[in-house]
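Data block below; observations after.
Just so you know, all these numbers are worked out from the coordinates, no wet-lab data involved. Treat the numbers as computed from the prediction; the structure is a model and nothing was measured. Note: ideal-geometry Cβ built from the backbone for every residue, glycine included; neighbour counts use all protein chains shown.
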Amino acid sequence: MLAAQRSVEPDAGAGAPDIRGNTPALEAVLAEGEGSRVDAVVVTGDVLTGPDPRGTLDLLLALPYPVHFIRGNADQEVVDAVDGRYPATGDHDWDALTLWTAPHMARTTRDLIAGWPTKATLPIDGIGDVLFVHATPRSLMDIVLVDTPMAGWDAVLAGTDAAAIVLGHTHMPFYRRVDRCLVANAGSVGMPYGHDGASSLVLGPTVVFRQTVYDVEAASRRILAVGCSGASEFVRDYVQSHPSDREALTAFRATWRRRRGSKDRAWNMRS
């Protein structure tokens, strides 16, 4: 997936979505990509909230390649928690994980995360200008899926003129056209839904989805050794098994039904 930069404008770019502090999964993705022809890497948000936030960030910052960070909703929530203004979500496991992650962030790390942009555009050979975001160009929390109605896409893509958009947030890979714009969800490195292994994406001159299988038993032992709040649940639900795409879509659609009376046609849900 990664190689040293050889040009100012990338010939090829890689998307690493929703790592979620799963360092073993990230290591596997990086190892699989060694030798591939990629000139830039974009980490599309939700990088740290998970079992090994420090290890994940240290690994990314040490790479000898240009790495572009996009801020996701989980990253913003960690910043809020460090600042003492994190609002409880009602999801006990999620709140505990966020509040566990925050004290492991030095002030300089908090400032680094807070400075990450919510979007970035890179020119990719064979595709054109590609807009990288976490959820949608307008929000860190919108939910868009492969079968989101066109009215929903119109709401979240208004004013966007990129040739392609790469996003994450829902942890499920997909690829489709939306009114001539190529939209690709790169899935999730650390918490994938619907499949085993870690998801990533390579762009230029075509779109290539990657699913990297790694040693889940060794990864489980490493994650449990960190001592993260909720580590055993993380291992059970996202390393040794994964929610199915049917389960995830059912949850997302239930949220949409609850919001159906709203003027906002986009789907909005925590992920």
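Helix-derived [θ] at 222 nm for the chain: sum -39500 (n - 2.57) over DSSP H runs of at least 4, divide by residue count, nearest 500? Walk me through the numbers on the way to the answer.
Details: 9 runs with 85 residues, N = 271.
Calculated mean residue ellipticity at 222 nm is -9000 deg cm²/dmol.
Taking amide H positions as placed 1.01 Å from N in the peptide plane, with prolines and chain starts having none, which residues 5 or more places from D142, or on another chain, fall under 5 Å of its amide H?
T136
If you count the DSSP beta bridges with both ends in segment 133-248, what percent of them are antiparallel, to the nearest 5? Don't skip to the end; give the middle numbers.
Numbers: 12 of 16 bridges.
Of those bridges, close to 75 percent are antiparallel.
Can you give the translational diffusion coefficient of segment 113-256 in µm²/s, computed by Stokes-Einstein from the Kirkwood radius over Cα pairs at 4 °C and 1.567 mPa s? It would help to have the intermediate numbers written out before the result.
Numbers: Rh = 16.5 Å.
For these conditions, the coefficient is 79 µm²/s.
For segment 42-96, what class follows from the C-alpha gyration tensor (a ≥ b ≥ c being the square roots of its eigenvalues): rounded when a/c is under 1.5, otherwise prolate if a/b is larger than b/c, else oblate?
Verdict is prolate for segment 42-96.
Quick one: length gained pulling E233 to Q211 fully straight, 0.36 nm per residue minus the C-alpha distance? Can you show the working numbers first?
On the way: separation 22, 0.36 × 22 = 7.92 nm, distance 2.25 nm.
My answer for the length gained is 5.7 nm.
Tell me the relative contact order for segment 13-268 as a rounded percent, counting alpha carbon contacts under 8 Å between residues six or more apart. Kindly include the intermediate steps, with their values, before the conclusion.
Details: 540 pairs, mean separation 56.8, N = 256.
Relative contact order of segment 13-268: 22 percent.
Could you pull out every residue, at least 5 positions away or on a different chain, whose amide H is within less than 5 Å of the one on H169? Hs are placed 1.01 Å off N in the peptide plane, and Pro or chain starts have none.
Close amide H contacts, sequence-distant or interchain: D18.
(1) 7, 32, 38, 21, 3, 0; (2) 6, 27, 34, 22, 9, 3, 0; (3) 6, 23, 28, 25, 13, 4, 1, 0: which one is P(r) over Cα pairs in 10 Å bins from 0, in percent as calculated from this entry?
The listed entry that was calculated here is (1).
Points 7 angstrom from Cα along the Cβ direction at H195 and D161: gap in nanometres?
3.4 nm
Let's see if you can work this out: charge +1 on each Lys and Arg Cβ, -1 on each Asp and Glu Cβ, no other charges. What is the dipole magnitude of the chain about its Cα centre, in debye to the nearest 20? Display every interim value, and only then the final one.
Numbers: 26 positive and 33 negative charges, 149 e Å.
About 720 debye.
Going by how many other beta carbons lie within 10 Å of each one, how would you line up H242, H92, fewest first? If you can, show how the numbers build up before the last one.
On the way: H242 19, H92 10.
Neighbour counts put them in this order, fewest first: H92, H242.
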